[in-house]
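One structure is given below, encoded as structure tokens.
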Amino acid sequence: MRLLLVTGFLGSGKTTLILSLARAARQAGVRTAIVVNEIGEIGIDNQLMRQLDLNVWELFNGCICCTLTADLVTTLQNLDADYTVDLVIVEPSGAADPKNLLNALPYYRGRPLASIRWVTVLDPLRLPMLLEVLEPLITAGIRQADFLIVSKTDLATAEERAAATAAARAISPDTPLYCLSLGGELPAELVAELLA
Amino acid sequence: MTDLTLEPYATRQTWSASRPLEPEEWTALHTEYLADLARACVASGTCVIGHIKLLALFANQEYLRVSVVSAAHPPTVTGAVPAGTADMVITLNVLVYGLTHDRLAQLTSATAVQVAGRWDATVVEE
């Protein structure tokens with residue numbers, strides 16, 4: 001079982017990316033489960049994923065980077081015990097500090113995870129503002145990532161795209177970085193990397 | 001923002017139009033709603049919009065999802081409302097740093113009533 005963490009601030013485009021990945025996984029025959037941790041009184045993303053017949057596990061009433069870490073570990077162990085999942089995609093709440101997730105994983109007692117990959121989604125419309133007001137959280141997400149995705153490139157100006165890319169590069173110069181339009185096709189090499 | 005607290009607010013609303021609206025009309029209505037709500041939040045006090053999003057589900061895996069992350073950028077839309085729809089239930093999540101749960105509830109409700117009035121529709125909250 002492989003683990004893919006998809007992080008990013010609220011509204012950065014995580015769910016849109018996961019929906020595209022889930023479609024690609026289905027086409028590739030990769031058995032996928034999605035663990036969603038939404039902040040708020042009513043979950044929306046999990047409703048949408050269920051509507052689209054995806055295999056969704058919701059962690060609610062807390063944050064998987066702190067109060068729900070045990071629930072995340074239990075969920076991963078249950079998925080592992082089922083022997084029916086190749087890939088688990090975890091979407092933490094966009095308000096969470098995702099680096100704490102890594103502190104939870106040592107408590108996982110299932111079969112060893114074949115891989116743990118981390119994708120951070122960046123919103124070019126707000127990245128400069130977020131780096132000002134939420135610098136530690138945003139910077140940590142960029143530093144930890146194995147892949148960076150600048151989303152919504154069709155909605156951003158050329159200046160916003162360039163500023164977002166430069167800001168990400170300044171923090172993490174060597175991490176593979178992809179620019180994606182909202183709901184656009186995922187590059188084949190990115191899909192291959194994330195589903196492999 | 002470290003000084004701005006996040007008190008998430010969520011609600012379900014039933015929207016009823018006086019006649020079946022075209023799919024693009026429903027999209028325009030809810031786009032207008034979230035854009036107005038984002039502006040109302042910003043006008044209400046020092047705040048940072050995290051994410052305001054709504055979802056309506058229909059038969060045959062159809063859905064409408066509208067989302068806004070700032071008052072300066074228009075909402076984004078995925079999915080579409082089936083033709084011939086006159087009523088729908090939406091789930092709305094309002095994640096805004098710096099405004100209280102009660103204030104967000106007031107703004108969400110008041111903005112909905114204003115938008116519904118412009119579209120000759122009614123809105124009822126659960």
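The table below gives the values:
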read-out: Criterion: surrounded by fewer than 20 Cβ atoms within 10 Å (Cβ to Cβ) and either in contact with a Leu (Cβ under 6 Å, 6 or more places away or on another chain) or within 14 Å of chain B (Cβ to nearest Cβ) (or both) - qualifying residue of A:Y108, A:Y83; value: A:Y108
read-out: B:L64 being more than 11 Å from the chain's Cα centre (by Cα), surrounded by 21 or more Cβ atoms within 10 Å (Cβ to Cβ) and of a type in the set (A, V, I, L, M, F, W, C); value: yes
read-out: Some residue of the stretch B:109-124 being within 14 Å of another protein chain (Cβ to nearest Cβ), out of contact with any helix residue (DSSP H, G or I) (no Cβ under 6 Å at 6 or more places or on another chain) and modelled with pLDDT of 95 or more; value: no
read-out: Hey, B:L4 of a type outside the set (S, T, Y) and crowded, with 18+ Cβ neighbours inside 10 Å or not; value: no
read-out: Helices (runs of 4 or more DSSP H) within the stretch A:1-96 that include 3 or more residues closer than 20 Å to A:I149 by Cα; value: A:14-28
read-out: Lone qualifier among A:I42, A:I18 - being aliphatic (A, V, I, L, M) and free of Cβ contacts under 8 Å to residues at least 24 places away in the same chain; value: A:I42
read-out: All positions within the stretch A:111-129 that are of a type in the set (A, V, I, L, M, F, W, C) and surrounded by fewer than 20 Cβ atoms within 10 Å (Cβ to Cβ); value: A:L113, A:A114, A:I116, A:M129
read-out: Candidates A:I18, A:I34, A:I44 - the one that is modelled with pLDDT under 95, within 30 Å of B:S70 (Cα to Cα), crowded, with 20+ Cβ neighbours inside 10 Å and of a type in the set (A, V, I, L, M, F, W, C); value: A:I44
read-out: Residues that are more than 13 Å from the chain's Cα centre (by Cα) and not hydroxyl-bearing (S, T, Y), drawn from the stretch A:88-122; value: A:N100, A:L102, A:N103, A:A104, A:L105, A:P106, A:R109, A:G110, A:R111, A:P112, A:L113, A:A114
read-out: When residues of the stretch A:127-145 are limited to those that are in contact (Cβ under 8 Å) with a residue 24 or more places away in the chain, assigned to a helix (DSSP H, G or I) and aliphatic (A, V, I, L, M), the one farthest from B:P74 (Cα to Cα); value: A:A140
read-out: Which numbered condition A:G141 misses (of (1) within 14 Å of chain B (Cβ to nearest Cβ); (2) buried (at least 19 other Cβ atoms within 10 Å of the Cβ); (3) closer than 28 Å to A:R26 by Cα; (4) not hydrophobic (A, V, I, L, M, F, W, C)); value: (1)
read-out: Filter result (more than 21 Å from A:G183 (Cβ to Cβ), in a strand (DSSP E or B) and within 12 Å of chain A (Cβ to nearest Cβ)) within the stretch B:71-91; value: B:V89
read-out: Single residue of A:L148, A:L186 found to be at pLDDT 95 or above, crowded, with 16+ Cβ neighbours inside 10 Å and outside any helix (DSSP H, G or I); value: A:L148
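The values are calculated or read from the model by the stated rules, or taken from the named source; none is laboratory data. All values derive from a computational prediction rather than experimental measurement. Cβ atoms come from the backbone with ideal geometry, glycine included; neighbour counts cover every protein chain shown.
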